[in-house]
Amino acid sequence: TFRAQICLGRLLLFSIGLFWASGSVTGDLSESVRQPSAGALLETANVQPISDAALQLPDSSNPRNPRSVQSEGKPKDVMTELLHWGLQHSDPEKLKDMMDKYRDNNLTLKDVYGQEVLDALFVDESGIMKESILQISDHQNSSLADDDLEKPILHIQELVEQVDNAGNLHRMGGLEPLLEIAVGSRGLPLKAVALWTLGIAVQNNEPVQNDLLSIDGLPRLATQLPNCSASSATVSSIEHENLCKKLLFALSGLIRNNETTQAAAAVHGVFDWLLQKGIGHHSVGIAKKSMATLETVLAQNQEPALLDDAQQHHESLAKTLLGTLGDNGNGKLDFDLAEKGLLLLNRLLSVQPMLFSASAPSVKSNLAEAVRRATRLCEGNSRDGEFCRELATLGERAHSVLAANIISDEEL
């Protein structure tokens, strides 16, 4: 696949660097010195087929290579782990001997495999980005079928997972057509792919977020939310649900970690929709994503203005959140949904402690019963004991805030 092609090319580039380093080549490389072949690397390293277990970093006591690389801190990505795997499964002495052989014979990858194989392995990512963007820029051409546009968008999607490619997306003219497709009149599956691509590009990437904001990406995406408020039970309902999940994914990536953007999102009704429609959506996936987005944003931004209209809907809001702790009468609880519901309830109370003051006694009572039932179901389903205790703790924390709302001035 295209993704495998990109990954293999990058891995071979890593490997060639490792091969030169293991051959003890020092100093500046002159233009007359050419790179060794990948075949030499694989042959001399005595590489075995890579199993799933091999993708985990080997123990530092591996006797084959004293220069073992240990994993520290956060888990490394797959490419880094593969590089470390290569380091620990290579023989420096054999690599040095083979390095001398290939240098003496002046052989290159092209000599061994031919130009066609090199072109297939070492993808011209910039060239593919330009060509793919050129293709989707013609998306308003009615003679182009959605299938004709999906492939170049998928190519872009895979390329923008790399932060530098994502950063070049707008400069190369790709951001605007992607957004136009995402909010346009094309088929739901194609729009979902475009939204997914936008979401990947903006994830934790402030320059790309700013690029999307500069072309009014926030209001244009926000205006699509009402289309996700309900979905009829038709053949296309699954496609519609998938589209809405990708829309929330793109919006979440755009508004997280930026209080200015979050304030703008409130103005455009994003949080109102999430509170009034999203968290109670009949699609559990959309409900979970809505809760997670709200909880994350409110953890970053305690500005009460984000919840301006929440007080007006406190009864339905409480009903929805407590409903996440129910089993729908089948004795089965969605534990992930229950946890997200309790996390959001606590977060809302931390921002607006008096949010449910008008109905605090009933909410407190209903919450206590719902948490007890959810905890029993958790324990009865052989869930991890720590998780069950965490559910109970979240419930108790919210219960304490609600109890404080009931205390009269005289009692204080």
Keeping all protein chains in position, work out how much accessible area Met172 exposes to a 1.4 Å probe, and write it in Å² to the nearest 10.
50 Å²
Cβ charges +1 (Lys, Arg) and -1 (Asp, Glu), total dipole of region 195-318, debye
400 debye
Would you mind checking which residues have amide H under 5 Å from Asp327's amide H? H placed 1.01 Å from N; only 5 or more apart, or other chain.
none
Positive minus negative residues near Glu315 (Lys, Arg vs Asp, Glu; Cβ under 15 Å):
+1
Summing +1 per Lys or Arg and -1 per Asp or Glu among the other residues with Cβ less than 12 Å from Ala265's Cβ gives -2
Partner lysines for Lys245 [C-alpha distance under 30 Å; skip if fewer than 8 residues away on the same chain]:
Lys74, Lys76, Lys130, Lys151, Lys191, Lys277, Lys288, Lys289, Lys319, Lys332, Lys340
What list of ³J(HN,Hα) couplings, whole Hz, do you get for region 257-262 from phi and the Karplus terms 6.51, -1.76, 1.60, once you set θ to phi - 60° and write x for glycine and proline?
6, 9, 5, 5, 5, 5
Once phi is turned into ³J(HN,Hα) by the Karplus curve 6.51 cos²θ - 1.76 cosθ + 1.60 with θ = phi - 60°, what whole-Hz value does each residue of region 292-308 show in order, with x for glycine and proline?
5, 5, 4, 4, 5, 5, 5, 6, 8, 9, 8, 5, x, 4, 5, 10, 3
Arranged from highest to lowest average of other beta-carbon atoms within 10 Å per residue, in what order do the peptides 148-161, 241-254, 387-400 appear?
241-254, 148-161, 387-400
Taking the full set of protein chains and a 1.4 angstrom probe, give the accessible area of Asp124 in square angstrom, rounded to the nearest 10.
100 Å²
At a 1.4 Å probe, what is the % contribution of carbon and sulfur to the accessible area of region 83-220?
48 percent
Where Lys and Arg each count +1 and Asp and Glu each count -1, what net charge lies around Ile279 among other residues with Cβ under 13 Å from its Cβ?
+4
For a quick protection proxy, order the peptides 189-195, 100-106 by their average other-Cβ count within 10 Å, most packed first.
189-195, 100-106
Could you work out how far apart the two model spin labels at Ala368 and Val284 are, taking each label as a point 7 Å from the Cα in the direction of the beta carbon, and quote it in nm?
2.9 nm
Give a residue-ordered list of calculated ³J(HN,Hα) values for region 312-325 (Karplus: 6.51 cos²θ - 1.76 cosθ + 1.60, θ = phi - 60°; whole Hz; x for Gly, Pro).
5, 10, 5, 5, 5, 5, 5, 4, 5, 5, 5, x, 5, 9
Counting only heavy atoms of the protein chains, get the accessible area per residue of region 241-362 (1.4 Å probe) and round it to a whole Å² value.
40 Å²
Expressed in square angstrom to the nearest 10, the accessible area of His84 with a 1.4 Å probe stands at 20 Å²
Order the following by accessible area, largest value first: Val202, Val123, Val267. Probe radius 1.4 Å; ligands, DNA and RNA are ignored.
Val267, Val123, Val202
Amide H contacts of Leu144 (H built 1.01 Å from N, under 5 Å, at least 5 apart or other chain):
none
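The values are calculated or read from the model by the stated rules, or taken from the named source; none is laboratory data. Worth saying up front: this structure is predicted, and the values here are computed from it rather than measured. Because the Cβ atoms are built from the backbone with ideal geometry, glycine has one as well, and the counts that use them run over all protein chains shown. Surface accessibility is based on the protein's heavy atoms, side chains included, excluding ligands, DNA and RNA. Shrake-Rupley method; radii C 1.70, N 1.55, O 1.52, S 1.80 Å.
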